[in-house]
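Undergrad: Submitted below is the structure of interest, expressed as structure tokens.
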Amino acid sequence: MDGPRRPAGGHSAATPGGTLHAPTALVHAAKGAAIGVVEVLPGVSGGTVALLVGVYERLLASAEHLVRGLALAVGDPVRGRGLSRARAQLAAVEWRFVLPIAVGMLAAVALGAAIVAPLVDEHPGDARALFLGLVLASVAVPARMVGGRWSAREWALAVPAAVLGFALTGLPAAEPGDAALWAVAGSAAVAVCALVLPGVSGSFLLLALGMYEPVLRAVNERDLPVLGAFALGAVVGLASFVRLLRWLLAHRRRTTLAIMTGLMVGSLRALWPWQAADGGLLPPGSDALLMAGWCLLGIAVVAGALLLERRRAR
């Protein structure tokens, strides 16, 4: 878990000349696109999708090496020892794995900001019902990763985590508006933690902080100062959080995954199809059968993906 991994079967994904097979790169890019699309949508966690498509822990490992390498290069740019350690960290990044995922994510975020987000705004109930099914089925991923029967201690941690996730996704959204670059960077540092923490939506955190619309507008308008501030804040957030989460998964794996499962369950509140303008939950309406259909479709998609993944692993 802590080092670079080879594809199943022990064979390298690269040709003898060191070039990644195109189909493999396309698969990684598609997985990155799936993560990027949901990062545009409040209430859906990119970390959840990363878990679902089987890239979560490898991305965490590479992100930790990348952040540590950059920190060493910036913090000790003169002494040869610091640069040598930085190069060693950067060399440990699975670039052939990370770069296609990053390209897919960026492309999906740009496309989602221009197309998916307006569609969700026009049909919020249908979209939430579909995403409810997707996330509900994906709860099985971290729950299964715990391994074996859950202990009473793990249940005692997962239940409060679910309550916390429910409470966080019930916070009223702040009023959107233009924001200073320092505020954008600070919001990014908070929201990027959701990318590596399944069950928490980074877009929803931006929405609660009043930064969702400014950042979405910056993506559509290619506002480089705002995007640069957001990227800087994201790097700071990763530097302060990813290493801790990697340690927890290595040394407190069952406990950490139990808490993740609880957060995912609690976050389902944000995807309830019937919501008031202020985010309050409403009882099912006359379109209950339609919403149930969308939810079942989401469950079927994730269940099918899990079955395919299990069959591929075998």
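The values are calculated or read from the model by the stated rules, or taken from the named source; none is laboratory data. Computed from a prediction, not measured in an experiment: that's the story for all the values here. All Cβ positions, even for glycine, are placed from backbone atoms using ideal geometry, and neighbour counts span all protein chains on display. Just so you know, the surface numbers come from the protein's heavy atoms only, side chains and all, with ligands and any DNA or RNA stripped out. Shrake-Rupley method; radii C 1.70, N 1.55, O 1.52, S 1.80 Å.
Undergrad: Order THR24, THR48 by their accessible area, 1.4 angstrom probe, all chains in place, largest first.
TA: THR24, THR48
Undergrad: So, one more: So what's the net charge close to LEU119: Lys and Arg +1, Asp and Glu -1, counting the other residues with Cβ under 14 Å from its Cβ?
TA: So the surrounding residues net to -2.
Undergrad: Once you have the Cα-Cα distance between LEU70 and TRP95, take 0.36 nm times their residue separation minus that, and quote the gain in nm to one decimal.
TA: Net length gain for the segment: 7.5 nm.
Undergrad: Right, next: Quick check: net charge around PRO160, other residues with Cβ under 14 Å of its Cβ, Lys/Arg +1 and Asp/Glu -1?
TA: Every neighbour counted, the sum reads 0.
Undergrad: Give, in nm to one decimal, the length gained when the segment between LEU307 and VAL163 is fully stretched (0.36 nm per residue of separation minus the Cα-Cα distance).
TA: 48.9 nm
Undergrad: Follow-up. Give me the distance between the Cα centres of the range 50-64 and the range 233-281, rounded to whole Å.
TA: Measuring centre to centre over Cα atoms gives 15 Å.
Undergrad: What is the set of long-range amide H partners of SER151 at a cut-off below 5 Å, with H atoms built 1.01 Å from backbone N?
TA: Amide H to amide H, under 5 Å and 5 or more residues apart or across chains, SER151 pairs with nothing.
Undergrad: What ³J(HN,Hα) values, in whole Hz, does the Karplus curve 6.51 cos²θ - 1.76 cosθ + 1.60 give for the range 139-145 when θ = phi - 60°, with x put for Gly and Pro?
TA: 4, 5, 5, x, 4, 6, 5
Undergrad: Can you list residues whose amide H is under 5 Å from GLN275's amide H, if they're 5+ apart or on another chain and H is modeled 1.01 Å from N?
TA: Excluding prolines and chain starts, which carry no amide H, the hits are LEU282.
Undergrad: Let me ask another. Roughly speaking, what is the stretch gain from ARG85 to ARG222, that is 0.36 nm per residue apart minus the C-alpha to C-alpha distance, in nm to one decimal?
TA: Answer, rounded to one decimal: 45.8 nm.
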